[in-house]
Structures are given as structure tokens and as C-alpha cells.
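Engineer: Can you read through this structure? Questions will come right after.
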Amino acid sequence: MSMICVRCPVGCDIKVTAEGDEVKSVEGNSCPRALEFARDEVRNPTRVFATTVRVSGGRLPVCPVRSRGPAPKSRLFDISREVAGLTVPAPVKIGQVILADACGTGVDIIASRDLEAREVTA
């Protein structure tokens, strides 16, 4: 299988030969980190999740959010559906937990920026 290694800034196009969840060989890498990347990607692929969440009473209608750490790739659509159903009240603070333990993955979804409440004018 072909993939792009993201363990260093080079981004090597690598060819991985695997049997089941065991990596047999990696070709095309310019550093040794590709082997560890390939093993992780074959055994348990993870991704950092990023999207927006609706905000009520905010200066903007949505706030960017992301996972605090990598989440299992197989659960990203489930997490997306759960986040899509949320509306959080303003103000929102950067790093604020928006959704704890998203879909039972152990990964929190947090705000990626501050978002002030809308000014009330009389």
C-alpha cells in the first residue's frame, strides 16, 4: 500500500508491505521514522479531528474546534455527527472542553479560539 509519511516535515511517499497488522517492509523513506509511522498506520490509524460547532449568543455563529489529541480514524464520522448536534453558549474560551470523551474514545473536543458573546444593544 502507498501512503505519505507525516512523521517529519519531508512527507515521503512510502510503499508499505504488510501482512495483517504486521509491517514487513517500508520503501521510499528518507528517515527511519517512516517505519514507526507505517506500523501505527497499519495497526491503529488516528487523526486529529477539526471542525466547527454552532454557538448561541456569540459574535460569530460558529467556533472552530479540534480534538485534544489524535482520535481513532474509524470513529471520525461518529464524532462528526455528535459534534454536529451541539450548540454551545457564548462566551467560549480557547482550550475549553466542548465535548468530553467524544464517542467514548477518550479524546476531548476543545475550542480552537476565543469567541466573545454578542453585545446586547438596547
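Engineer: Skipping prolines and chain starts, which residues have an amide H placed within reach, meaning under 5 Å, of the one on L99, given they are 5 or more residues away or on another chain?
Structural biologist: I109
Engineer: How about K24: which lysines have a C-alpha closer than 25 Å to its C-alpha, ignoring those fewer than 8 places off in the same chain?
Structural biologist: Excluding near neighbours in sequence, the set is K15, K73.
Engineer: For the range 53-61, what does the Karplus curve 6.51 cos²θ - 1.76 cosθ + 1.60, with θ = phi - 60°, yield as ³J(HN,Hα) per residue in whole Hz, taken in order and with x for Gly and Pro?
Structural biologist: Per residue, the Karplus-derived 3J(HN,Hα) values read 10, 5, 10, 9, x, x, 5, 10, x Hz.
Engineer: While we're looking at this one, here's another question. Once the Cα gyration tensor of the range 45-122 is found, what semi-axes does its equivalent ellipsoid get, as square roots of 5 times the eigenvalues, in whole Å, sorted largest first?
Structural biologist: They are 26, 11, 9 Å, listed from largest to smallest.
Engineer: Okay, moving on. If you project the alpha carbons of the range 1-106 onto the principal axes, what extent comes out on each, in Å, largest first?
Structural biologist: Projected onto the principal axes, the Cα atoms of the range 1-106 cover 53, 27, 17 Å.
Engineer: Here's a follow-up. Over the chain, what is the relative contact order in percent, taking alpha-carbon pairs closer than 8 angstrom and at least six residues apart?
Structural biologist: The value is 19 percent.
Engineer: Just to check I understand the Karplus step: with θ = phi - 60° and J = 6.51 cos²θ - 1.76 cosθ + 1.60, what whole-Hz values come out for the range 101-106, glycine and proline as x?
Structural biologist: 6, 3, 6, x, 8, x
Engineer: Could you list which residues have their amide H under 5 Å from that of V88, counting only those 5 or more apart in sequence or on another chain, with H placed in the peptide plane?
Structural biologist: Residues meeting the amide H criterion: R54, V55, S56.
Engineer: 222 nm [θ] for the chain, helices only, -39500 (n - 2.57) per DSSP H run of 4+, per residue, to 500?
Structural biologist: For the chain, the value works out to -5000 deg cm²/dmol.
Engineer: How would you rank 19-32, 88-101, 63-76, highest first, on the average number of other Cβ atoms within 10 Å across their residues?
Structural biologist: Averaged packing, sorted descending, gives the order 63-76, 88-101, 19-32.
Engineer: Now, a different point. Using the Karplus equation 6.51 cos²θ - 1.76 cosθ + 1.60 (θ = phi - 60°), what ³J(HN,Hα) coupling, rounded to whole Hz, does each residue of the range 33-49 give in order, writing x for Gly and Pro?
Structural biologist: 5, 4, 5, 5, 4, 4, 4, 5, 5, 6, 7, 8, x, 10, 9, 7, 9
Bear in mind that the values in this text are calculations on the coordinates, not laboratory data. Note that the coordinates shown come from a computational prediction; the quantities given were computed from them, not determined experimentally. Neighbour counts are summed over all protein chains in view; Cβ atoms, including those assigned to glycine, are modelled from backbone coordinates with ideal geometry.
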